[in-house]
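Attaching a single structure in structure tokens format; questions to follow.
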Amino acid sequence: MKEIKNVAVTYTVWGRKQCPNNSTQLVYSGFAGGSYYSHSGAAVDYLCLPPDPSYRKTTYSGQYGRLYGAEYDSTFIANGDGNDVPCAVCRTSGASTILMIPGKDTCYGGWNIEYYGYLMAHNYNFAAATSYVCLHINPEFVTGGGHNYEGKLFHPVIGICGALQCPPYVNNYPVTCAVCSK
């Protein structure tokens, strides 16, 4: 495959502090955050927060959104329940597209694997909406972050048969994911 010159894309590796391979450049390593899982006015997205925030103002009064750290909130990740979630923002050269494929742990032909793992969101019966993200297959924890404060939460996503075609999907199986570049 011919490498595209002077083109690069960024993506976030959820659950890891470093980029997955040598062909990527670490932009920054941080920790996951977002809105509180039970707030009805919560923002949907997970954020990869840098470890060195900048502030221009120190006070505010009026209406506002809230930003919390994120935690693993299940026993799906070994020893993970209550631990904070790291993340890495990575830049890969020679690609112009990043794609997260739910339900796969490999990429389709012509695409390069950046990493694979399990599809995450927060629990289906929580009040706040959430995005789907791909958690690295070998997740790490933020050092000193095992306090179980809640906040933005990571839960595995399972398939539910009905409108979801089974087969090929399997009822109650955790859904895999792959992050691919091209």
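I'm checking a number: the convex hull volume of the Cα atoms of region 121-173, normalised per residue, in Å³. What is it?
Once divided by residue count, the hull of region 121-173 is 116 Å³.
Here are some values of Rg/Rh (Cα atoms, Kirkwood Rh): (1) 1.08; (2) 0.99; (3) 1.21. Which one was computed from this structure?
Here Rg/Rh (Cα atoms, Kirkwood Rh) agrees with entry (2).
Express the carbon and sulfur contribution to the solvent-accessible surface of the chain as a percent, rounded to the nearest whole number, probe 1.4 angstrom.
51
What is the antiparallel percent of DSSP beta bridges lying wholly in the chain, to the nearest 5?
Roughly 90 percent of the beta bridges in the chain run antiparallel, per DSSP.
Could you state the accessible area per residue of the chain in Å², with a 1.4 Å probe and every protein chain left in place?
That works out to 59 Å² per residue.
Next up: Under unit Cβ charges (Lys, Arg +1; Asp, Glu -1), what dipole magnitude, rounded to 20 debye, does the chain have relative to its Cα centre?
600
A follow-up question, please. Given F76, S131, Y55, which one lies farthest toward the positive end of the charge dipole of region 1-143, if we put +1 on the Cβ of every Lys and Arg and -1 on the Cβ of every Asp and Glu?
Among F76, S131, Y55, the one farthest towards the positive end of the dipole of region 1-143 is Y55.
Based on the Cβ-Cβ distance of V44 and N22, what FRET efficiency does E = 1/(1 + (r/R0)^6) give at R0 = 35 Å, to the nearest 0.05?
0.60
For region 140-164 and region 50-111, what is the separation of their Cα centres, given in Å?
What the calculation gives is 12 Å, centre to centre.
May I ask you to rank V85, V7 by accessible area, largest first, using a 1.4 Å probe over the protein chains only?
The residues order as V7, V85, largest area first.
Suppose every K and R has +1 on its Cβ and every D and E has -1 on its Cβ; what is the size of the dipole of region 22-130 about the Cα centre, in Debye to the nearest 20?
In debye, rounded to 20, region 22-130 gives about 400.
What are the trypsin sites (Lys or Arg not before Pro) within region 1-100 that DSSP puts in a loop, where the Cβ has at most 14 other Cβ atoms within 10 Å?
Of the trypsin sites (Lys or Arg not before Pro), the ones in loops of region 1-100 whose Cβ has at most 14 other Cβ atoms within 10 Å are K2, K5, R56, K57, R66.
Okay, moving on. Dipole of the chain (Lys/Arg Cβ +1, Asp/Glu Cβ -1, origin at the Cα centre): which of L153, F141, G41 lies farthest to the positive side?
It is G41, whose Cα lies furthest towards the positive end.
Related question: Across region 145-151, in residue order, what do the Karplus-derived ³J(HN,Hα) couplings come to in whole Hz, using 6.51 cos²θ - 1.76 cosθ + 1.60 with θ = phi - 60° and x for Gly and Pro?
Computed from phi, the couplings for region 145-151 are x, x, 9, 6, 7, 6, x Hz.
The values are calculated or read from the model by the stated rules, or taken from the named source; none is laboratory data. Every value quoted in this text rests on a predicted model; they were computed, and no experiment measured them. Note: ideal-geometry Cβ built from the backbone for every residue, glycine included; neighbour counts use all protein chains shown. These accessible areas exclude ligands, DNA and RNA; they are computed on the full protein's heavy atoms, side chains included. Shrake-Rupley method; radii C 1.70, N 1.55, O 1.52, S 1.80 Å.
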